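Following: one structure in structure tokens, then a few remarks.
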Amino acid sequence: MIINGNTELIVHLGYPTHAFKAPMIYNPWFEKAGVNAVVVPMGSKPEDFPGFLRSVFQLSNIRGALITMPHKVVTVGLLDEVTATVKVAGACNAVKRTEDGRLVGDMFDGAGFVRGVQRKGLDLTGARVLVVGSGGVGCAIAASLAGAGIGAISLFDVNTASAEGLGQRLKQNYPAIDVSTGSNDPAGFDLVVNATPMGMNEGDPLPVDVKRLSADTFVGEVVMKSEITAFLAAARAQGCRVQVGSDMLFEQIPAYLEYFGFPTTTAENLRSVAKLSY
């Protein structure tokens, strides 16, 4: 990859940056496709982020920003315009600048997760789902699952207000779905999702009691610290089918590329050239 005066930037904003995987997927693809662009990780602490987001978009060669933990929720209030998906999710992970200088945002986490489990054969129509974690990514996944036609969703977060707030937004936008909050018991669900950071650090507790998982429950993960996290390993031991955290990333990147105005591709093509390391 040659970086020169015509290279366009996609900044990858979060904190800390050590677990970032996007540069290892986008940049090999840009090189293969002959696109003169680069994804650059930038560590911005929460107290600095609002000012930094505005500042970085003053660069003349910026094409967009990928937003990740812990900034996805606060970003919503920093933009001039957001999509309906962002409003339901209460979080944003893609920002670009319009020709008239406004900052606009969208959310692709949930779409990537949902496309991934569907492509693995899980029929979400009428499904019963448990989502543990109601932060940015959990809200996005819940919003996209609702849009995919699930029948019931249970939400759990150690911050009760977060789960209840998401529940209210879901009820307002999807009144036919049975929404409940307050329990992380995984028994009786078709799909269980870990949308918490649990698993990022050695010795983290598991998000649910895996002994309560049945073998016909599909288990999805968002943590990308390692491909098979402790939670996924425990779910596999129970006989469950699983989706690794990076699948959500690969499945949403084609949507990101289109959003930023780059040539699109498939998740398979991205995987074939990606240089992931853990």
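The values are calculated or read from the model by the stated rules, or taken from the named source; none is laboratory data. Remember, predicted model here, so these are calculated numbers, not experimental data. Cβ atoms come from the backbone with ideal geometry, glycine included; neighbour counts cover every protein chain shown.
The set of residues in segment 181-205 being aliphatic (A, V, I, L, M), surrounded by 16 or more Cβ atoms within 10 Å (Cβ to Cβ) and either at pLDDT below 95 or assigned to a loop (DSSP other than H, G, I, E, B) (or both) consists of 195, 198, 200.
Only one of the numbered conditions (1) out of contact with any helix residue (DSSP H, G or I) (no Cβ under 7 Å at 6 or more places or on another chain); (2) among the aliphatic types (A, V, I, L, M); (3) at pLDDT 95 or above is not met by residue 11, and that is (1). Residue pairs whose Cβ atoms lie under 8 Å apart, sitting 6 or more positions apart in sequence or on different chains, and linking a residue in segment 19-44 that is surrounded by fewer than 20 Cβ atoms within 10 Å (Cβ to Cβ) to a partner that is basic (Lys, Arg) and not in a strand (DSSP E or B), are 19/225; 24/275; 28/275. Number of residues in segment 220-265 that are in a loop (DSSP other than H, G, I, E, B), at pLDDT 95 or above and either touching a His at 6+ places or on another chain (Cβ under 7 Å) or of a type in the set (Gly, Ala, Ser) (or both) equals 2.
Quick grid of which residues meet (1) closer than 26 Å to residue 200 by Cα; (2) out of contact with any strand residue (DSSP E or B) (no Cβ under 9 Å at 6 or more places or on another chain):
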position	(1), (2)
237	yes, yes
241	yes, no
244	yes, no
248	yes, no
256	yes, no
263	no, yes
270	yes, yes
274	yes, yes
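Have a look at 122, 166, 130 and point out the one that is touching a residue at least 60 places away in the same chain (Cβ under 8 Å) and surrounded by fewer than 24 Cβ atoms within 10 Å (Cβ to Cβ). Only one candidate qualifies: 122.
Looking at the structure I just gave you, is residue 217 among the polar types (S, T, N, Q), touching a strand residue (DSSP E or B) at 6+ places or on another chain (Cβ under 9 Å) and either modelled with pLDDT under 95 or at positive phi (or both)? So residue 217 does not fit the description; no.
Residue pairs whose Cβ atoms lie under 6 Å apart, sitting 6 or more positions apart in sequence or on different chains, and linking a residue in segment 74-91 that is assigned by TED's automatic domain parsing to the domain that holds residue 44 and of a type outside the set (Val, Ile, Thr) to a partner that is assigned to a helix (DSSP H, G or I) and modelled with pLDDT of 95 or more, are 78/50; 78/53. Test residue 112 against the criterion of being crowded, with 21+ Cβ neighbours inside 10 Å and either of a type in the set (S, T, N, Q) or touching a Phe, Trp or Tyr at 6+ places or on another chain (Cβ under 9 Å) (or both), and give yes or no. Against the criterion (crowded, with 21+ Cβ neighbours inside 10 Å and either of a type in the set (S, T, N, Q) or touching a Phe, Trp or Tyr at 6+ places or on another chain (Cβ under 9 Å) (or both)), residue 112 qualifies. Among the residues of segment 141-151, is any surrounded by 19 or more Cβ atoms within 10 Å (Cβ to Cβ) and hydroxyl-bearing (Ser, Thr, Tyr)? Within segment 141-151 (the criterion being surrounded by 19 or more Cβ atoms within 10 Å (Cβ to Cβ) and hydroxyl-bearing (Ser, Thr, Tyr)), the answer is yes, since at least one residue qualifies. Among the residues of segment 157-166, are any under 23 Å from residue 256 (Cα atoms), in contact with a Ser or Thr (Cβ under 9 Å, 6 or more places away or on another chain) and modelled with pLDDT of 95 or more? No, the conditions are met nowhere in segment 157-166.
The criterion of at least 2 residues that are under 17 Å from the mean Cα position of the chain (by Cα) and polar (S, T, N, Q) is met by none of the strands (runs of 3 or more DSSP E) falling completely within segment 1-108. Tallying residues that are surrounded by 15 or more Cβ atoms within 10 Å (Cβ to Cβ) and either modelled with pLDDT of 90 or more or of a type outside the set (Gly, Ala, Ser) (or both) within segment 90-102 yields 6. Among the residues of segment 36-82, those that are in contact with a strand residue (DSSP E or B) (Cβ under 7 Å, 6 or more places away or on another chain) and farther than 19 Å from residue 22 by Cβ comprise 76, 79, 80, 81, 82. Against the test of being surrounded by fewer than 22 Cβ atoms within 10 Å (Cβ to Cβ), of a type in the set (Val, Ile, Thr) and over 17 Å from residue 142 (Cβ atoms), the options 228, 177 yield a single qualifying residue, 228.
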